[in-house]
1. Return the residues of region 137-154 that are at pLDDT 95 or above and away from the ligand (no atom under 14 Å from the Cβ); say none if nothing qualifies.
2. Counting only residues that are within 11 Å of the ligand (Cβ to nearest atom) and of a type in the set (A, V, I, L, M), which one in region 26-41 is modelled with the lowest pLDDT?
3. Restricted to region 240-266, and to residues that are among the aliphatic types (A, V, I, L, M) and out of contact with any Ser or Thr (no Cβ under 9 Å at 6 or more places or on another chain), which residue is farthest from ALA198 (Cα to Cα)?
4. In region 107-136, how many are assigned to a loop (DSSP other than H, G, I, E, B) and within 10 Å of the ligand (Cβ to nearest atom)?
5. Can you name the residue in region 42-57 that is away from the ligand (no atom under 11 Å from the Cβ) and either farther than 13 Å from VAL72 by Cα or not charged (D, E, K, R) (or both) and, of all such residues, is surrounded by the fewest Cβ atoms within 10 Å (Cβ to Cβ)?
6. Hey, can you tell me all the residues within region 208-267 that are of a type in the set (A, V, I, L, M) and under 15 Å from LEU299 (Cα atoms)?
7. For the condition charged (D, E, K, R), more than 6 Å from the ligand (Cβ to nearest atom) and touching a strand residue (DSSP E or B) at 6+ places or on another chain (Cβ under 7 Å), what is the one hit in ARG285, ARG280?
8. Can you name the condition, by its number, that GLY67 falls short on among (1) part of a loop (DSSP other than H, G, I, E, B); (2) touching a helix residue (DSSP H, G or I) at 6+ places or on another chain (Cβ under 9 Å); (3) more than 8 Å from the ligand (Cβ to nearest atom); (4) within 26 Å of PRO267 (Cβ to Cβ)?
Amino acid sequence: MSRRGLDAIVVGAGLVGAAAALGLARIGLRVAIVEAAQPRAWRDDAPSDLRVFAISPASSDLLAELGVWPAVVAARAAPYRRMHVWDAAAPDASVTFRSQDVGAPHLGHIVEQSLIQTSLWHAILAEPGIARHCPARVVGIEHTQRGIDVELQDGSRLSATILVGADGSASPLRERLGIVTRGRDYGAQGVVGFIRTARPHEDTAWQRFQPSGPLAVLPFTEARSSIVWTLPDVEAQRVLALDDTDFARELERAFGSRLGTMTPISPRAGFPLRLKLAERYAADRAVLVGDAAHGVHPLAGQGVNLGFQDVTELLQLVRTAHAAGQDIGAPSVLSRYARRRKSDTTMAGYAFDGIERLFGTDAVLPTLLRGPALGLVDKLPPLKRFFVRHASGR
Ligand SMILES: Cc1cc2nc3c(=O)[nH]c(=O)nc-3n(C[C@H](O)[C@H](O)[C@H](O)COP(=O)(O)OP(=O)(O)OC[C@H]3O[C@@H](n4cnc5c(N)ncnc54)[C@H](O)[C@@H]3O)c2cc1C
């Protein structure tokens, strides 16, 4: 089986790859998407996905443009209107971001990964401009005079003008393109799960910093909250193995008493955390998007939002080149994408890394710095507005 004459091949149908494929097809391009795993169907009555994301307004704008956001909101999405951050070592120093500070109805939405994933996949199924290769894997790539060829495991060969690598943090495609990464392993995991709290979550994303890592309690539907608790590997393994009563006791101790008693209501899972930045985001006729290009610490909940911003930028540049009748794979197009996104995501990656280092210690100097730093942000409205705008991605 062979299909020639595509404009773009997207490898990976995670949130970022699926959004890229849809967006490119909507520009009028012929697109193929190659995904290793068979996407699962969404069911309203299925247990909630443990992996939830804080989706920024810029990301929901992109999903709205792709026509999938209304279905996501209708199914299960919780807006959050406040974000409250404080330091366990200096409980009086805190910062609160409010949606009204920037005249917005909310700061974003908490949504399950699988809900966005299946909404995007349904849209792909209905999109005639996208050929689906799933389950399938790329086993080889070859540059040709006019574009790039991709060989799949089943022996089929695809030819396109550009290749979009969206195959996640381990990205075999990035390796095939000879792009190396740098960063560090945090030696930590994000422990996730759902809880109920004795007091209402007040549509607030709560985050408490402690030397072992931040603990986020995110407001979700049906008066539930989702936790992302960063802990060193050994500690994470230990709390994952606790029974519900002991887990609740440790969680309450780590979070403090603001929301009252905490009751676990789901299984728990741990995700390893790494800072991983690709040295280049573009190669000859190829670009990287999402976690294939950048994996960052989840403390600011920006991972997938950065990936959606990659997609927005790529679509803008490709749309302009296509409308002008230019080669969408020209170095001028792809290197502009790479330059813009690399500077933005590198800054974000190292900013989150810096925050992790500043708060992830009980050494005297950083501890002395943290309280005044939070207090300063809280007392300066322009600085707060800057942070909220930056986090919203707009
Ligand atoms: C604990 C935790 C909490 C987080 N919380 C947030 C949050 O609140 N907000 C936020 O924005 N982000 C958050 N993130 C980050 C977020 O999970 C990632 O940034 C996001 O999922 C990356 O999406 P992606 O589409 O780039 O990659 P992935 O979701 O990894 O998708 C990659 C896809 O490529 C496919 N694939 C892999 N190899 C191949 C191959 N060889 N051939 C074909 N297909 C292949 C895979 O099957 C997969 O479908 C969190 C992460 C963690 C660990």
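The values are calculated or read from the model by the stated rules, or taken from the named source; none is laboratory data. Bear in mind the structure is a predicted one, so any value in this text is a computation, not a measurement. Here the Cβ positions follow ideal geometry from the backbone for every residue, glycine too, while neighbour counts run over all protein chains shown.
1. GLU142, ILE148, ASP149
2. ALA37
3. Here is the first cut: in region 240-266, the residues among the aliphatic types (A, V, I, L, M) are 240-242, 248, 251, 254, 259, 262, 265.
Keeping just the survivors that are out of contact with any Ser or Thr (no Cβ under 9 Å at 6 or more places or on another chain) gives 240-242, 251, 265.
Details: LEU240: 22, ALA241: 24, LEU242: 21, LEU251: 13, ILE265: 13 Å.
The residue in question is ALA241.
4. Kept after step one, since they are assigned to a loop (DSSP other than H, G, I, E, B), are these residues of region 107-136: 107, 126-129, 134-136.
The next check asks that each one be within 10 Å of the ligand (Cβ to nearest atom); those that pass are 134-136.
Of the residues in that region, 3 qualify.
5. This residue is ASP45.
6. Correct list: LEU215, ALA216, VAL217, LEU218, ILE227, VAL228, LEU231.
7. Details: ARG280 fails: touching a strand residue (DSSP E or B) at 6+ places or on another chain (Cβ under 7 Å).
Step by step, each of ARG285, ARG280 is checked, and only ARG285 is charged (D, E, K, R), more than 6 Å from the ligand (Cβ to nearest atom) and touching a strand residue (DSSP E or B) at 6+ places or on another chain (Cβ under 7 Å).
8. (4)
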